[in-house]
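These notes concern the structure reproduced below.
Derivation of every value follows stated rules applied to the coordinates shown; laboratory data play no part. These figures come from a predicted structure and were not determined experimentally. All Cβ positions, even for glycine, are placed from backbone atoms using ideal geometry, and neighbour counts span all protein chains on display.
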Amino acid sequence: MSEATGTGPGGDGQQGLAGDPARRRWMGVLARASAAEIAARLDGLPPLPAHRRLRAPETGLVMLRGRQGGDGQPFNLGEMTVTRCSVTLPDGATGHAYVAGRDRRQAELAAVLDALLQDPARRPALLAAVIEPLAEAQAARAARQAARAAATRVQFFTMATMR
Amino acid sequence: MAYVAVKGGERAIEAAHAWLAEARRGEPAVPELGVDQVEEQLGLAVDRVMAEGACYDRGLAALAIKQARGDLIEAAFLLRAYRTTLPRFVAGAPLDTGAMRIRRRISATYKDLPGGQVLGPTFDYTHRLLDFALAAEGEAPPPPPEAPAEAERMPRVTGILAQEGLMQPEARGEAPAEAEPPDLTREPLAFPAARPLRLQSLARGDEGFLLALGYSTQRGYGNAHPFVGEIRMGEVAVEITPPELGFPIEIGEVTLTECQMVNQFAGSKTEPPQFTRGYGLTFGHAERKAMAMALVDRALRARELGEEATAPAESEEFVLYHCDNVEATGFVEHLKLPHYVDFQSELEKIRQLRATALREAAE
């Protein structure tokens, strides 16, 4: 994209996980979790390995787009804040994060976890302890909203005909 | 020359700002308002400031509202100013409002439609009587009722009409417009403005101005026969493709309100009579704004649809040059700045004219 302010470090072209649905999923789950929620899931796990910042947490903007008529040509709707971070682990693994909002700690935790989760040896434990519980909490929040919406759904009934 | 008099104002300005800070805080015996309280309890003000400030960030909008003492146009101004300090990383993929997680969805054109009429948290059907219970600090209200949610899809009403061929399809555009729609934050407005540019301008436009213009089209200043095909409000995932990753990822969710106005169209030489869309899309829960935007969007399509365009709401330049409240407030309020030298010349001119007129009357 021409909008990008320089290409970031640690391109993932050579890694087998580029575009992997599992990786896209954990990145999406971490993006929706607050720093406190992520930290709470890390409590009780072995401490995270030391990491080096390839790109320190940095807040910027993403231009959001809609489509005219909902399904036509795109238009620029307005921007939103986003924070990104890239890290590398001692074993050379790189992790990236882009999360909506301005929470630098969330972005850094998400980047470290992204790097760790790419290691097949560490992945199952981290998925079970961090990603799945966060995903479940997010799904539960969405389900509660859906249940509340369902309670406000109008149930039309036909009035008895007046004679 | 004009600035000579401005210099002496420094101390007065400092004193004025100190007083402003105290006035903002109000009576110290009353607890201070937290930004989180604004965010949570004045959520629709936050939504409006995000929309007109053209920047989605609830916390920043709440801070701006507190700083502006509740002046929402001043708050939008603050948010716009802050936004200019941030780099833009990338543009998102077009938001898929069809996949919205619905909190509210109503249609005025079909009673029974797949997914049904979902009222959501609405002011509609309230009696608009002041609730004095809110003036007393009370307990939190009980949680609202829940019902089993069906996994039924919520197709767009415009899609239902399109299946019958009765709804004009939206242009999908060629490759460049698909990848890079025009952006008025990068390029100044130019006319004629393409519809994507108009929609960007309306999306950040002043709600009051658009409401009045939309209203004017209903009252006869324009050729509107609108129906609310659908209004939907809820959460939509935001997806971007960071250059260093090269694949799309979700970075969070935004709350959006979308309005599809269904309007008659008499047809033209190339197109049979059918319905056309007026489209409104805004940040947050902002139904009035989305409806007003949809009315004005349709009015601005008059020319492209070969209709007569004579009403104010149908004039692209009139609408787009005046709908931005940050620009409007800047130009109106600049009249407060010193115009001493300008005015001196006006004074001299009017004295001369009066002298001439009085002399001629005396002769």
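Normalising the average separation of contacting C-alpha pairs (under 8 angstrom, six or more residues apart) by the number of residues puts the relative contact order of chain B at 18 percent. Does the range B:4-83 classify as rounded, prolate or oblate by the C-alpha gyration tensor (a ≥ b ≥ c root eigenvalues; a/c under 1.5 gives rounded; else a/b over b/c gives prolate, otherwise oblate)? Cα axes put the range B:4-83 in the oblate bin. Between B:Glu207, B:Glu14, B:Glu74, the Gaussian network model of chain B with springs among Cα atoms under 10 angstrom shows the greatest mean-square fluctuation at B:Glu14. Only the Cβ atoms of Lys and Arg (+1) and of Asp and Glu (-1) were treated as charged; on that basis the dipole of chain B about its Cα centre amounts to roughly 680 debye.
If R0 equals 56 Å, the separation of the Cβ atoms of B:Phe331 and B:Phe247 corresponds to a calculated FRET efficiency of about 0.80. Along chain A, counting only chymotrypsin sites (Phe, Trp or Tyr not before Pro) with a DSSP assignment other than H, G, I, E or B and at most 12 other Cβ atoms inside a 10 Å radius, the longest segment between sites is A:1-155. Over chain B, dividing the summed -39,500 (n - 2.57) contributions of all DSSP H runs of at least 4 residues by the number of residues returns a 222 nm mean residue ellipticity of -12000 deg cm²/dmol. Among B:Cys259, A:Cys85, a tally of other beta-carbon atoms within 10 Å of each Cβ gives an order, fewest to most, of A:Cys85, B:Cys259. Figure legend: label point modelled 7 angstrom from the Cα of A:Leu42 along Cα→Cβ; residues of the range A:106-121 with amide N under 17 Å from it are A:106-119. One decimal place: the segment B:Arg25-B:Ala212 gains 64.0 nm when fully extended, by the rule 0.36 nm per residue minus the C-alpha distance. Note on the protein assembly as shown: antiparallel DSSP beta bridges, both residues inside, total approximately 90 percent of the bridges counted. Taking chain B as the reference, fit the longest principal axis to its C-alpha atoms, fit the long axis of helix B:43-53 to the helix C-alpha atoms, and give the angle between the two in degrees, 0 to 90, nearest 10. That helix lies at roughly 70 degrees to the long axis. What aspartates and glutamates sit close enough to B:Lys66 to cross-link, taking a C-alpha to C-alpha distance under 19 Å and skipping anything fewer than 8 places away on the same chain? Once the sequence-local aspartates and glutamates are set aside, what remains near B:Lys66 is B:Glu22, B:Glu27, B:Glu32, B:Asp36, B:Glu39, B:Glu40, B:Asp47, B:Glu52, B:Asp57, B:Glu74. Ordering B:His17, B:Leu161, B:Pro31 by the projection of their Cα atoms onto the charge dipole of chain B, which places +1 on the Cβ of Lys and Arg and -1 on the Cβ of Asp and Glu, puts B:His17 at the extreme positive end.
Rounded to the nearest 20 debye, the dipole size of the range B:64-148 about its Cα centre is 460 debye, using +1 on the Cβ of Lys and Arg and -1 on the Cβ of Asp and Glu.
Taking the centroid of alpha carbons for each part, the range B:131-194 and the range A:126-146 are 26 Å apart.
For chain B, the square roots of the Cα gyration tensor eigenvalues, ordered a ≥ b ≥ c, give a/c of at least 1.5 with a/b no greater than b/c, which places it in the oblate category.
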